[in-house]
Amino acid sequence: MKTSTLLALLLLLLTTSAFGIIVDEDTTDSISAPVSMVTEEAVRPQPALNVIGKDTPNDNGGSIQVSWDLSPDDAKGMVARYDVERKPVGAPDSQYEVIGDATAGGTSITDNYPESGKSYVYRVAAVNFAPTVAGGKVEVTSFSAESAPAKASAQWFNTNRTVVLIFAIVLGFLILWYIAQAKAGKELFIRRIAGLEAVDEAVGRATEMGKKIFYIPGTQDMENIQTIAGVTILGRVAKLAAEYETQLDVPVSRSLVMVTAREIVKEAYLNAGRPDAFNEDMVHYLTDDQFGYAAAIDGMVVREKPATMFYMGAFYAESLILAETGNSIGAIQIAGTAMPAQLPFFVAACDYTLIGEELFAASAYLSKEPKLLGSLKGQDVGKGLILVVILIGVIIQTLGVYDVQSLLNIVAE
């Protein structure tokens, strides 16, 4: 009885092993593979079609645009994403590398890291997920055919900037036209700028009172365009001071500004026929410390009480300190700056203020030099045309006739 029982148990064990009822870990892997393969094939998406790589237009050669047609299974929800791969032309498939991906429904990406002048081919992998026997997920992919070779190269002209080119050509033509008109002797109308009209009056007042003129060309160095405008106006003021035999004092905060201003004042005195009246000490250095400079000027103003003060250039927090001190002694004050935060202080404390571009127009306004006048007039007319175009564009956009905003987006790029 015991022998028969043992034989029955042995037969049972042999039977269950044969039919896979009792399996070890290795057996599980071997039989799960075909089940998984069947599942993967069922959910494997068809590949993307018509993969194209082409140089990105209107750039400096740093990118290639890759596009493709959707997998036929994309609309069925069988595509989770698209992986875009790249390799150099002629390289083995093992050198394919993923350079980006797109979600389902995506049809293009930009390869921003190719080497300029080097050719590449691209392929797109349609990716989906298949469930595993263990309850997890595994990626299944299908690769498209290779694209034709593509390489990044720089373009000479950005066609998106055509509108900017047109504006530049029109503006350049206007400037050259008005320069020619000014050289031909035609009088160009430039609107009256009160602060510049008052320069002669301010210098004359100092002459009548027998007091100094203080000219402060800002607190920045010569690379600042406002400082350049300031020392240009200084030439006109210095010439008037030489003609009227009025004392001129130009304290500066930068050594390079001191050298430049001295040469300008020296030339002005020479042009006025008074080279003997020029003294290098007219232009002198104080300090490049912002508030030390302001304090030094305030002390000189309080002690010497000049009749006229000019502030022409870039100013910061010291603007109100300087202007209030000059106002307290009753000096006539003319200021000019393109610093928006300082303009209210100058407007409040000074008799005349050149606002923004008026400072840069001063050299043309005072000298009447044909090239400067023509440039100024051409720029003003160009700005007027741009304002008219903007107004027309607003009307067209409002009426829905044309999407003018798209053109403005291109100009802003």
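Annotations
- Selection within the stretch 227-259 - among the aliphatic types (A, V, I, L, M), under 14 Å from residue 312 (Cα atoms) and out of contact with any Phe, Trp or Tyr (no Cβ under 7 Å at 6 or more places or on another chain): 228, 231, 233, 257
- Residue ID - modelled with the highest pLDDT, chosen from residues in the stretch 166-222 that are farther than 30 Å from residue 259 by Cβ and basic (Lys, Arg): 183
- Listing of helices (runs of 4 or more DSSP H) fully contained in the stretch 160-222 that carry 1 or more residues being surrounded by fewer than 17 Cβ atoms within 10 Å (Cβ to Cβ), touching a residue at least 24 places away in the same chain (Cβ under 8 Å) and not small (Gly, Ala, Ser): 162-183, 199-209
- Matching option when the condition is in contact with a Pro (Cβ under 8 Å, 6 or more places away or on another chain), surrounded by 19 or more Cβ atoms within 10 Å (Cβ to Cβ) and modelled with pLDDT of 90 or more, among 349, 335, 331: 331
- Of the criteria (1) touching a residue at least 40 places away in the same chain (Cβ under 8 Å); (2) not small (Gly, Ala, Ser); (3) not assigned by TED's automatic domain parsing to the domain that holds residue 221, which one residue 357 fails: (1)
- Put simply, of 394, 389, 347 the only residue that is part of a helix (DSSP H, G or I) and within 30 Å of residue 206 (Cα to Cα) is 347.
- Test: residue in the stretch 119-134 that is of a type in the set (D, E, K, R) and within 30 Å of residue 386 (Cα to Cα): no
- For the stretch 108-133, taking the residues that are assigned to a loop (DSSP other than H, G, I, E, B) and in contact with a helix residue (DSSP H, G or I) (Cβ under 8 Å, 6 or more places away or on another chain), the one that is nearest to residue 44 (Cα to Cα) is identified as 132.
- Scanning the stretch 257-275 turns up one or more residues that are modelled with pLDDT under 95, surrounded by fewer than 17 Cβ atoms within 10 Å (Cβ to Cβ) and on the phi > 0 side of the Ramachandran plot.
- Some residue of the stretch 329-351 being among the hydroxyl-bearing types (Ser, Thr, Tyr), assigned by TED's automatic domain parsing to the domain that holds residue 211 and closer than 29 Å to residue 210 by Cβ: no
- Subset of the stretch 248-263 that is within 18 Å of residue 298 (Cα to Cα) and either free of Cβ contacts under 8 Å to residues at least 40 places away in the same chain or outside the structural domain of residue 209 (by TED's automatic domain parsing) (or both) - its residue that is nearest to the chain's Cα centre (by Cα): 254
- Positions within the stretch 45-82 being acidic (Asp, Glu) and part of a strand (DSSP E or B), in sequence order: 55, 69
- Pair list, Cβ under 9 Å, 6 or more apart: the stretch 276-289 residue farther than 27 Å from residue 315 by Cα, other residue among the hydroxyl-bearing types (Ser, Thr, Tyr) and surrounded by 12 or more Cβ atoms within 10 Å (Cβ to Cβ): 276/269; 277/269; 278/269
- Inter-residue pairs, beta-carbon under 7 Å, first surrounded by 12 or more Cβ atoms within 10 Å (Cβ to Cβ) and in the stretch 102-122, second aromatic (Phe, Trp, Tyr), 6+ apart: 102/82; 106/82; 107/68; 114/120
- Residues within the stretch 204-233 that are farther than 20 Å from residue 288 by Cα and of a type outside the set (D, E, K, R), tallied: 8
- From the options 394, 381, residue that is on the phi < 0 side of the Ramachandran plot, without any contact (Cβ under 8 Å) to a residue 12 or more places away in the chain and surrounded by fewer than 19 Cβ atoms within 10 Å (Cβ to Cβ): 394
- Tallying residues that are of a type in the set (Gly, Ala, Ser), modelled with pLDDT of 85 or more and part of a loop (DSSP other than H, G, I, E, B) within the stretch 134-159 yields 6.
The values are calculated or read from the model by the stated rules, or taken from the named source; none is laboratory data. Everything numeric in this text was worked out from a predicted model, so none of it was measured. All Cβ positions, even for glycine, are placed from backbone atoms using ideal geometry, and neighbour counts span all protein chains on display.
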